[in-house]
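Novice: One structure coming up, written as structure tokens, with questions to follow.
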Amino acid sequence: MRVRAYRFRAYSSKTTARVLETQLEAACKLYNTLLHAEQKEYEKNKHTMSRNELRQLALDLRKQNPEFQVLYSQVTQQVADRFYEARQRFFDGLANKPREKKPHRYLSLVYSQKGWKLSNRREAGRGKNKKKKARLYLSKIGFFTLIIHREFPLERVSQVCIKMYPSGRIYVIFTVEEPETQEQALDEPAKVVGVDLGIEKLATLSDGRYLENPKPLERSLERIRLLQRRLSRKKFLSGNWFKSKWRLAKEYEHVKNLRRDLFFKLGVLLAKDYDVLVLEDLDVHGLIQKGVTRTRRLRLYDSSFSEIRALLEWEFRKRGKLVFPVPAYNTSRECFFCGRINKDLTLADRVFVCPECGWTVDRDLNASLVLPKRAGWVPSVVPVELRPIPPLPSLGLRRHGEVMNQETPSVRTG
Ligand SMILES: [Zn+2]
């Protein structure tokens, strides 16, 4: 079974939004209380609490403390689960030790099978403005109006997550379990594409095409820089500071939506033309930990590689096509032609020149060619020149609108 998520924009009254905010604060406090309790328990008795013990502790805390009673009981348990999973990831060496959460970072609540109800599905508006709406009731919070822009199997929903973004927008994410798509048997020869993700160019394909940072994205990034400068001039925690902060959050979400839209479309484009996608098995975590310089690390976060990868993989897997992650080590320094490692290549070099055989090509193109080679496919024709992918349709036309007609792959939220 694989997990698929459907995200919908939700609207509520101001009162309900405020209730949600209060509950998020309570959930955050509960999370931190659990964290401290766990730490104490470990120091005292050298005992690591199990999932059930944490759940029970959360329920006990809720019984004792009126502040936590605002939360629905299953939500309380889920807060314990969230802490448990964060700790497990730390034990497995996948994440840092769970730390105290800041209230402005604790943004979502999760309901499992109980405590919510979707009703009053209806069509509203006319012509272009026609929308499918529905009413969602969340126990202890209240009612939300959802814009149901796509169908989803309601009877298979395993959990409902409500998330408040820093811009104040609210989304509801339904998680659905679906059977795995069968992988297609490959007719030889399969069409293979290597994709190198980067910072200068968002993606370089082994067929010589590349995806630039599109103009709307560039403009948005510029605006973010401007808004950040403005924010830094405001008095900390003043009214104007909050206003600037909110504007910045909105712009960030816009960039995120643009990017997601772009990569979903790139994914569709590639999945139509190719059977196999070869990607760097990029250990983003490792890279961030051992990252070369601070700026490079920040930029890595910025282009959120792991999300981009998840989106591309999703479009291939959905169609039963193959995704091949290959070791990322030295992909950008290996010569596609003779396999020699070019040790002198620095991050600043945009062109790859092999000291051994003299093969000269764009650095990212070389990397995207090395990828399929590592997976065992050698491209028969090697592109000589790079050409940009023409703008993907409808990109950036909706300035502050939502990019919604898409499903979320199993990227963790909250
Ligand atoms: Zn060479």
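The values are calculated or read from the model by the stated rules, or taken from the named source; none is laboratory data. Everything numeric in this text was worked out from a predicted model, so none of it was measured. Backbone-built Cβ (ideal geometry, glycine too); neighbour counts: all protein chains shown. When the accessible area is computed, the model is the full protein with side chains, heavy atoms only, and any ligands, DNA or RNA have been set aside. Shrake-Rupley method; radii C 1.70, N 1.55, O 1.52, S 1.80 Å.
Novice: Viscosity 0.890 mPa s, temperature 25 °C: give me the Stokes-Einstein translational D for region 74-221 in µm²/s, with Rh taken as the Kirkwood radius over C-alpha pairs.
Specialist: 122
Novice: With each label point set 7 Å from Cα along the Cα-Cβ vector, what nm distance links E177 and S50?
Specialist: Result for the modelled spin labels: 2.1 nm.
Novice: If the reach is capped at under 18 angstrom between alpha carbons, list the lysines near K46, excluding any in the same chain fewer than eight residues apart.
Specialist: K97
Novice: Output the antiparallel fraction of DSSP beta bridges having both residues in the chain, as a percent to the nearest 5.
Specialist: 80
Novice: Mind checking which aspartates and glutamates have their C-alpha under 12 Å from K191, skipping anything on the same chain fewer than 8 residues away?
Specialist: Correct list for K191: D207, D273, D275.
Novice: Once the Cα atoms of helix 51-64 and of the chain are each reduced to a long axis, what angle between those two axes, in degrees from 0 to 90 to the nearest 10, is obtained?
Specialist: Roughly 40 degrees between the two axes.
Novice: Further, regarding this structure: Tilt of helix 215-233 relative to the longest C-alpha principal axis of the chain, in degrees (0 to 90, nearest 10)?
Specialist: Here the helix axis deviates by roughly 50 degrees.
Novice: Another question, then. When you count, for each residue, the other Cβ atoms within 10 Å and take the mean per peptide, how do 254-263, 227-236 rank with the highest first?
Specialist: So the order, starting with the most tightly packed, is 254-263, 227-236.
Novice: Checking the table K133/K265; K163/K243; K102/K245 against a 24 Å threshold on Cα-Cα, which pairs fail?
Specialist: Those over the limit are K133/K265.
Novice: Non-local amide H neighbours of A10 (under 5 Å, H modeled in plane, Pro and chain starts lacking H): which ones?
Specialist: Those lying under 5 Å, H to H, from A10 are I170, Y171, V172.
Novice: Computed over the Cα atoms of region 207-247, what is the convex hull's projected area averaged over all directions, in nm²?
Specialist: 3.6
Novice: Right, here's the next one. Semi-axes of region 33-86's equivalent ellipsoid from the Cα gyration tensor, sqrt of 5 times each eigenvalue, largest first, rounded to whole Å?
Specialist: Over the Cα atoms of region 33-86, the ellipsoid semi-axes are 20, 12, 8 Å.
Novice: Sorted by packing (mean other beta-carbon atoms within 10 Å per residue), highest first, where do 335-342, 5-12 land?
Specialist: 5-12, 335-342
Novice: Pairs of Cα atoms under 8 Å, at least six residues apart: use those to get the relative contact order of the chain, whole percent.
Specialist: 19
Novice: Okay, next question. Could you tell me what percent of the accessible area of the chain is made up of carbon and sulfur, with a 1.4 Å probe and every protein chain present?
Specialist: Within the chain, the accessible surface is 51 percent carbon and sulfur.
Novice: If one takes the longest principal axis of the Cα atoms in the chain, at what angle in degrees, from 0 to 90 and to the nearest 10, does the Cα axis of helix 14-45 lie?
Specialist: 80
Novice: What distance in nm separates the simple spin-label points at K131 and E212, each placed 7 Å from Cα in the Cβ direction?
Specialist: For K131 paired with E212, the spin-label model returns 3.5 nm.
Novice: Evaluate the Debye formula for the chain with equal point scatterers sitting on the alpha carbons, no solvent, and hand back log10 of I(q)/I(0) at q = 0.06, 0.08, 0.10, 0.12 Å⁻¹, in q order, two decimals.
Specialist: With one equal scatterer per Cα and no solvent, log10 I(q)/I(0) is -0.30, -0.54, -0.84, -1.16.
Novice: Using mean Cβ contacts within 10 Å as the protection proxy, how do 47-55, 30-38, 149-157, 244-252 order, highest first?
Specialist: 30-38, 244-252, 47-55, 149-157
Novice: Between V278, L266, A190, whose Cα lies farthest towards the positive end of the dipole of the chain when Lys and Arg beta carbons carry +1 and Asp and Glu beta carbons carry -1, centred on the Cα centre?
Specialist: The one lying farthest along the dipole's positive direction is L266.
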